[in-house]
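Heads up: the structure comes next, in structure tokens.
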Amino acid sequence: MVHVGQSPETQRNLQYGIETRSWGFPLWRPEYRSARPRFAVLATGVGPRVQLDVWSTKRITLYLFEVRENFYEAEAPHWPDEEAASLIKYPVRFGIEPLAVLHDVRLDEDGPLGIAASDAIRVSGTQQGRGMLVDMDPQPLLDAAGIPASWSEQQTVPLNRTPGFTAEQVKPPKSPKRPSSGAGFVSDPKKRKAIELHAEDMAVAHYEGEGWAVERLGKPYDLHCTRGREERRVEVKGTTGAATSVDLTINEVEHARNPQNTVDLFVVSDIKVDMRTDNYTASGGRVLHLHDWAPAEEDLRPRSFEYRLPQA
């Protein structure tokens, strides 16, 4: 349970965390070391510095996430305020997948959180957004979000049956009085290119180290690898955030699912980008390597649709 403040800085970080599927805390707590949380709730819209009896009369906005990567030690600045200062402010990172937004949620014992989780959000807000671990049944939250999943039976939530949400659905924060030097979303094409190239270089080094001859293609897939009569086609993804989810084109999905193709997915997360010079330099990163990869339907969620216009 995490309370996210209403300041422009924290709201921008919330938007960026949603966009890059990552969240973080400034300090390690003993309970984080052994925790394996399945869901994360980021709450915003109500000031926490009130007594519980007053707090429980309020209503709040909840952003419900599935935790897809457990707590890890960050090696690279990621959020806008981190990049503006060129330092890591939130070293305790974890990966989050957006499931649903719940508006106007009751904070009393009859709400989907129950009183213990509701109070944990309040306490989080009094401790600068510290994550509070709560043992609770997630089913009321799934039901309130309209997600058709039976947690007690399946212990999983099919991604393709969740509405999801994007950073644009967070209320835009007011512009700061002074322009920030942070990078914001990864809209800087130079930075994005440095991340992509570094991830690809790491993938090439890995396969060449295993004796593969590697050809860089870019399209229809990134790397073509051959070793004797063996062939592998590799999709490469890179991010400064957590290894939670990646964007795929319909062609990439269909290519990976084609039984005639042997496809790997090579993901490099937590990449550090030095932007202090004209030539951005990317380094580091944590590798997630999926062999013989074919994305399952329940792990895919469309972000856009092609609309066929009516004939004139």
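The values are calculated or read from the model by the stated rules, or taken from the named source; none is laboratory data. Since the model is a prediction, treat every value here as computed from it, not as a measurement. Positions of Cβ are backbone-derived with ideal geometry, glycine not excepted, and every protein chain shown enters the neighbour counts. Each accessible area value is taken on the protein alone, full model and side chains, heavy atoms only, with ligands, DNA and RNA left out. Shrake-Rupley method; radii C 1.70, N 1.55, O 1.52, S 1.80 Å.
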Cα pair distances in the chain, grouped into 20 Å bins until the bin that holds the longest one, percent each: 29, 55, 15, 0
Highest average packing first - 291-301, 214-224, 192-202, 139-149, Cβ atoms within 10 Å: 192-202, 139-149, 214-224, 291-301
Relative contact order (%) - criterion: Cα under 8 Å, at least six apart; region: the chain: 19
Accessible solvent surface per residue of the range 217-312, calculated while the other protein chains remain in place, 1.4 angstrom probe, Å²: 66
Shape of the range 1-153, Cα gyration tensor, a/c cut at 1.5: prolate
Label point distance in nm, Arg216-Asn251, each placed 7 Å from Cα along Cα→Cβ: 1.9
Helix-only mean residue ellipticity at 222 nm for the chain, each DSSP H run of n ≥ 4 adding -39500 (n - 2.57), per residue, nearest 500: -7000 deg cm²/dmol
About the Cα centre, charge dipole magnitude for the chain (Lys/Arg +1, Asp/Glu -1 at Cβ), debye: 980
Sequence of Glu9, Glu82, Glu75 when ordered by accessible area, the most exposed leading, probe 1.4 angstrom: Glu75, Glu9, Glu82
Selected from Ser56, Ser118, Ser34 as most flexible by GNM, with the chain as the system and alpha-carbon contacts under 10 Å: Ser34
At R0 = 25 Å, FRET efficiency that the Cβ-Cβ distance of Arg59 and Glu298 yields, to 0.05: 0.20
Stokes-Einstein diffusion coefficient of the range 99-138, Kirkwood radius over Cα pairs, 20 °C, 1.002 mPa s, in µm²/s: 197
Accessible area in square angstrom per residue, the range 1-123, 1.4 angstrom probe: 41
Solvent-accessible area, 1.4 Å probe, carbon plus sulfur percent, for the chain: 48
For the range 5-145: relative contact order, % (alpha-carbon pairs under 8 angstrom, 6 or more apart): 28
Beta bridge orientation in the range 186-309: antiparallel %, DSSP, nearest 5: 75
Between the range 218-254 and the range 10-52, the alpha-carbon center distance in angstrom: 31
Global form of the range 207-312, assessed from the alpha-carbon gyration tensor, a/c cut-off 1.5: oblate
